[in-house]
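The values are calculated or read from the model by the stated rules, or taken from the named source; none is laboratory data. Worth saying up front: this structure is predicted, and the values here are computed from it rather than measured. Positions of Cβ are backbone-derived with ideal geometry, glycine not excepted, and every protein chain shown enters the neighbour counts. Side chains are part of the model used for accessible areas, which takes the heavy atoms of the whole protein and leaves out ligands, DNA and RNA. Shrake-Rupley method; radii C 1.70, N 1.55, O 1.52, S 1.80 Å.
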Amino acid sequence: MEVVLREVHDSDLPVFFRQMNDPEAARMAAFTAEDPADWDAFWALWQRIRSSQDVARTVLADGDVVGSAAVYGEPGEREVTYWVDRAYWGRGVATAALRGLLAEVPERPLYARAAADNQGSLRVLEKCGFRITATARGFANARGEEIDEVVLSLKG
């Protein structure tokens, strides 16, 4: 499967919105929007992302929009985030997308956060060179409770 990244197009946003409203995927991601069904808030967020200095990309697998990947935040504190459609989990898409994003954004350090029980995402991050540096607790909107999270970093 060929995985490539490209600029985000307006036509990608309804696909991202549908993906982020998959209850199983949202539960696994845990740290989601307060109301993932609020299209206006979703649209406004993506407009801010796309007009900022953040690096946001659409993930394509064999030409199909299957997710998004981004680096965001202030220099020295920037984080990576990604979302891949559940139908593509376990097929190397997230790892390939994150590797592509890291090649495009060479600044280091970069950080990532994941729910402590999200083994798939932790494997992706570790395959891409991230290492666990801390643990924390945070409120997970998709689960409606505070949960354990892992903080990872990628050094230069």
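Side notes on the structure shown:
- Hits in region 103-121 (condition: of a type in the set (A, V, I, L, M, F, W, C) and surrounded by fewer than 19 Cβ atoms within 10 Å (Cβ to Cβ)): Ala103, Val105, Ala116
- Near pairs, Cβ below 6 angstrom, 6+ apart or cross-chain, from region 2-24 (of a type in the set (D, E, K, R)) to any residue that is open to solvent by 60 Å² or more (accessible area, probe 1.4 Å): Glu2/Asp62; Asp22/Arg86
- Residue in region 90-99 that is farthest from Arg131 (Cα to Cα), counting only those that are open to solvent by 30 Å² or more (accessible area, probe 1.4 Å) and touching a residue at least 40 places away in the same chain (Cβ under 8 Å): Arg91
- Leading residue by the ranking (farthest from Val66 (Cα to Cα)) among those in region 25-47 that are open to solvent by 50 Å² or more (accessible area, probe 1.4 Å), part of a helix (DSSP H, G or I) and not aliphatic (A, V, I, L, M): Asp40
- Matching residues in region 48-64 - criterion: being assigned to a helix (DSSP H, G or I) and either polar (S, T, N, Q) or within 25 Å of Val150 (Cα to Cα) (or both): Ile49, Ser51
- Any chance Glu104 is more than 16 Å from Ala25 (Cα to Cα) and more than 13 Å from the chain's Cα centre (by Cα): yes
- Whichever residue in region 122-156 is assigned to a loop (DSSP other than H, G, I, E, B) and either open to solvent by 50 Å² or more (accessible area, probe 1.4 Å) or hydrophobic (A, V, I, L, M, F, W, C) (or both) and, among such residues, is nearest to Glu77 (Cα to Cα): Lys155
- Number of residues in region 71-94 that are under 19 Å from Gly156 (Cα atoms), hydrophobic (A, V, I, L, M, F, W, C) and out of contact with any helix residue (DSSP H, G or I) (no Cβ under 7 Å at 6 or more places or on another chain): the value is 0.
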